[in-house]
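Input: a single structure, listed below in structure tokens.
The values are calculated or read from the model by the stated rules, or taken from the named source; none is laboratory data. Computed from a prediction, not measured in an experiment: that's the story for all the values here. Cβ: placed from backbone, ideal geometry, glycine included. Neighbour counts: every protein chain shown.
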């Protein structure tokens, strides 16, 4: 298995965000789902593996006040901080591996677009879900986007694990109620199409 931290540090050092396949100028699906939850703007929200995604920028613009971002790459987080300038002080920045991270506090929303599918070993998946269950409040929402069964087999040179709606449901239905599951296309900056499975779950 590759050293994931070294891999992602190199990716974020070598590439501009606009040159990555996951770039979205406005991550509308994620924003729309979060807004649809009708939560207080002070509800604690965490973005897992967000890197220097623009989701944080948009959530701040919408008035969300209690945002955390966890990423394995310190370089990605520094890029996001530099882009946000003074606004970066409003975000709780966390550097670490989600499967091993010692979280403090609880969250009402756990958002993960395109980080979970990099976990290909059963132990990693189990540790991720264990952390998720530990820190998501009862009744809290879990938003997950992964490559679907029709998506690519690799991303950034790493083999990923693909999830159909059925597989995603089977993995989480024991501990979460399924609010919605759907397949959506993402168009990369070079106009190739990647199919995602998006799920919204609520902790039982």
(request) Would you please name the residue that is nearest to residue 60 (Cα to Cα), looking only at residues in region 71-102 that are out of contact with any strand residue (DSSP E or B) (no Cβ under 8 Å at 6 or more places or on another chain) and in contact (Cβ under 8 Å) with a residue 40 or more places away in the chain? (result) 79
(message) Against the condition over 16 Å from residue 110 (Cα atoms) and in contact with a strand residue (DSSP E or B) (Cβ under 8 Å, 6 or more places away or on another chain), how does residue 191 come out, does it pass?
(response) no
(request) Within region 95-110, work out how many residues are part of a strand (DSSP E or B) and either farther than 19 Å from residue 42 by Cβ or at pLDDT below 95 (or both). (result) 1
(request) Return yes or no: is residue 149 more than 15 Å from the chain's Cα centre (by Cα), at pLDDT 95 or above and closer than 18 Å to residue 194 by Cβ? (result) yes
(message) Which condition from (1) under 27 Å from residue 189 (Cα atoms); (2) at pLDDT 95 or above; (3) surrounded by 17 or more Cβ atoms within 10 Å (Cβ to Cβ); (4) out of contact with any helix residue (DSSP H, G or I) (no Cβ under 7 Å at 6 or more places or on another chain) is the one that residue 55 breaks?
(response) (4)
(message) Considering only residues that are assigned to a loop (DSSP other than H, G, I, E, B), farther than 17 Å from residue 198 by Cβ and in contact with a strand residue (DSSP E or B) (Cβ under 8 Å, 6 or more places away or on another chain), which ones fall in region 24-46?
(response) 39, 43, 44
